[in-house]
Amino acid sequence: MAPIELLLFAFLIAVALLVARLRDLLAAALLLGIFSLLCAGLFVLNDAVDVAFTEAAVGAGVSTILLLGTLSLTRREEKSQPTRWAPLVVVFVTGGALALGILDMPAYGDPTAPIHQHLAPDYIAGTAAEFGIPNVVTAILTSYRGFDTLGETAVIVTAAIGILALLASGRRWKGGAP
Amino acid sequence: MFAAAMAGVLVTMALALVAAARGPSVFDRLLAINLFGTKTVLLIAVTGFLVGRPEWLDLALVYALINFVAMIALLKFVRFGSLGHDDLDAER
Amino acid sequence: MGRTLFSSLMLALTWLAWSGHFDARMLGFGGASVLVVLAITHRMERLSGMDHDPHVGPGILLYVPWLLWQIVKANVGMARILLAPRLLLSPQLLRVPTSQRSDTGRALYANSITLTPGTISLDLNNSSILVHALTLETAQALQDGEMDRRARRCEGRN
Amino acid sequence: MGAIDVLSWIALFGGAFFSILGAVGLLRMPDFWTRCHAAGVTDTLGAGLILLGLFFQAETALVAIKLAMILGFLLIAGPTAGHALYRAAHAHGVPFGPETEVLAANPATASPGSLEGEHGSD
């Protein structure tokens with residue numbers, strides 16, 4: 001398993017560097033679709049099938065389309081700017097902090113991790129008996145954490161309405177101009 | 001056996017990445033990205049067999065569907081410069 | 001009516017194939033999904049006016065194996081070109097006439113042209129398809145019109 | 001190793017071979033329109049043979065049906081997306097290679113000069 005993941009990670013880094021280097025924003029938006037597909041592939045390899053579903057639909061589908069919608073309101077070429085070092089420092093500090101945080105977490109697939117000791121067995125035992133639904137993740141999302149999901153859905157719908165409103169108003173403005 | 005097929009798919013993906021990076025036109029990149037999407041479908045299917053999880057075929061099909069829809073949306077943008085219907089009607 | 005019945009049967013079979021669960025509750029979800037899809041399709045057909053296209057008839061059962069064989073042959077030809085140390089290309093641009101009566105038939109023909117590597121369809125109108133061919137041979141094979149005739153025989157009657 | 005396994009090996013190897021071949025063609029071909037043909041090799045026989053190889057290894061009928069449906073979808077959606085791409089590129093006036101010949105249409109069915117102005121129309 002590991003060599004495939006390493007290779008996919010290598011592809012991921014290659015795409016990320018390429019996107020950062022490209023001045024053609026349309027090409028960069030297209031390549032971000034590949035980035036999402038690679039992420040989704042990695043999620044599948046880690047058995048997070050449901051997350052992979054979402055990543056493929058949202059990352060490769062919806063967000064590419066939103067990026068394109070945004071591009072139709074701006075220009076296709078990025079302005080060339082002098083290299084600035086402050087953002088790079090910020091990125092490295094933030095990334096380092098996140099990596100430090102990960103060090104505290106239990107190892108991937110560790111059977112003694114808290115999540116495998118308390119919640120997961122409960123969900124797995126309860127799902128079939130309580131809901132009669134074959135997919136445990138579905139049961140968790142829609143029943144055990146139903147209100148949580150409701151809140152998330154509300155956030156996403158609001159965001160979608162906001163973005164669509166922004167794009168639509170921009171288009172009308174553009175169309176109205178002589 | 002599955003590993004051999006997977007190696008083939010991964011090599012194809014790498015070459016498609018090179019083609020997408022090289023361009024030069026947007027359409028060349030789209031061609032490479034479309035190819036990459038099909039290869040992701042195959043990669044998921046083959047991996048599913050490799051690790052004994054043929055249920056992953058469901059995922060493979062969803063990827064194929066998403067790849068198709070995304071491709072059409074991308075082309076619509078590239079061709080008309082927006083996702084709106086105004087330009088489509090103007091084209092006719 | 002017959003088509004609605006046929007579509008719902010196909011949708012139900014597809015749903016069963018992908019779900020693999022056969023208890024009453026899951027079958028109920030499946031049935032509901034089929035109804036929703038049918039409603040959406042019905043609405044789309046009413047909006048786009050595509051309702052009276054005859055679609056394909058039983059001739060497709062003979063056409064698909066023939067097409068698959070053509071695809072294999074074309075791929076071997078492409079392999080020969082791609083593996084040669086020098087690329088021997090003679091790209092052609094040509095317009096091939098179509099004899100199909102329906103949109104579905106023309107789409108089938110254009111798709112078949114694209115599916116066989118060596119020829120791709122760039123644009124089509126009511127009577128012809130604009131084709132780009134990689135070599136003179138593939139272009140001439142298309143001009144023989146065998147694929148056109150076979151695609152015409154797949155059209156259903158309505 | 002049974003006969004089915006041998007068939008599976010052949011199909012998977014063939015699929016991997018044609019898949020890589022198409023990608024190599026994508027890099028070797030001189031211009032956009034010839035590259036499209038190379039991509040077709042990967043999408044048709046490359047994907048088809050790999051799915052066929054998996055088909056031989058399917059343990060349940062359900063898995064086999066799913067594989068057949070994925071292949072069917074790829075064979076229908078692939079050229080449709082491809083045609084959309086080629087049509088968009090043609091409308092955009094992506095140039096044809098220098099040695100591209102415009103072949104005369106079949107004189108019995110097409111009006112003369114129907115190919116004039118194909119280069120970079122729109």
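Computed from point charges on the beta carbon alone (+1 for Lys and Arg, -1 for Asp and Glu), the dipole magnitude for the protein assembly as shown about its Cα centre is near 960 Debye. First measure r as the distance between the Cβ atoms of residue D:5 and residue A:81, then evaluate 1/(1 + (r/R0)^6) with R0 = 51 Å and state the FRET efficiency to the nearest 0.05. For residue D:5 and residue A:81, the calculated efficiency is 0.30.
Computed about its Cα centre, the charge dipole of the stretch C:77-143 is approximately 80 debye, with only Lys, Arg, Asp and Glu carrying charge at their Cβ. Across the stretch B:64-78, computed HN-Hα scalar couplings (Karplus, 6.51 cos²θ - 1.76 cosθ + 1.60, θ = phi - 60°) run 4, 4, 5, 4, 5, 5, 4, 4, 5, 5, 4, 5, 4, 5, 4 Hz from first to last residue, x flagging Gly and Pro. A Förster distance of 25 Å, applied to the separation of the beta-carbon atoms of residue B:18 and residue B:69, puts the FRET efficiency at 0.45. Take the accessible area of chain D alone and of chain C alone, subtract that of the pair, and you get about 3800 Å² summed over both chains, using a 1.4 Å probe.
When nucleic acids and ligands are ignored and a 1.4 Å probe is applied, residue C:40 ends up with an accessible area of around 90 Å². Projected label points at residue A:105 and residue C:44, each 7 Å from Cα along the beta carbon direction, are separated by 3.9 nanometres. Can you tell me how the stretch C:60-153 classifies by the Cα gyration tensor, rounded, prolate or oblate, using a/c under 1.5 as the rounded cut? Judged from the Cα gyration tensor, the stretch C:60-153 comes out oblate (a/c at least 1.5, b/c at or above a/b). Taking all protein chains together and rolling a 1.4 Å probe, residue A:5 ends up with roughly 40 Å² accessible.
Under a Cβ-Cβ cut-off of 13 Å, what is the net charge of the residues other than residue D:34 that fall near it, where Lys and Arg count +1 and Asp and Glu count -1?
Combined, the nearby Lys, Arg, Asp and Glu give -1.
Simple spin-label estimate for residue C:69 and residue A:156 gives 4.9 nm between the two label positions (7 Å along the Cα-to-Cβ direction from each Cα).
Among the DSSP helices (H) of chain A, those spanning at least 18 angstrom by Cα along their long axis with an average Kyte-Doolittle hydropathy of 1.0 or more are A:2-21, A:25-45, A:86-103; this is a geometric and hydropathy rule only. The calculated FRET efficiency for residue A:120 paired with residue D:91, based on their beta-carbon distance and R0 = 56 Å, is about 0.55. When D:9, C:66, D:33, C:15 are compared by accessible surface with a 1.4 Å probe, the order from highest to lowest is D:9, C:15, C:66, D:33.
The magnitude of the dipole of the stretch A:1-78, with charges of +1 and -1 set on the Cβ of Lys/Arg and Asp/Glu and taken from the Cα centre, is near 360 debye.
The values are calculated or read from the model by the stated rules, or taken from the named source; none is laboratory data. Since we're looking at a predicted model, the values are computed, not measured. Virtual Cβ from ideal backbone geometry, glycine too; neighbours counted across all protein chains shown. These area figures cover heavy atoms from the full protein model, side chains too; ligands, DNA and RNA do not enter into them. Shrake-Rupley method; radii C 1.70, N 1.55, O 1.52, S 1.80 Å.
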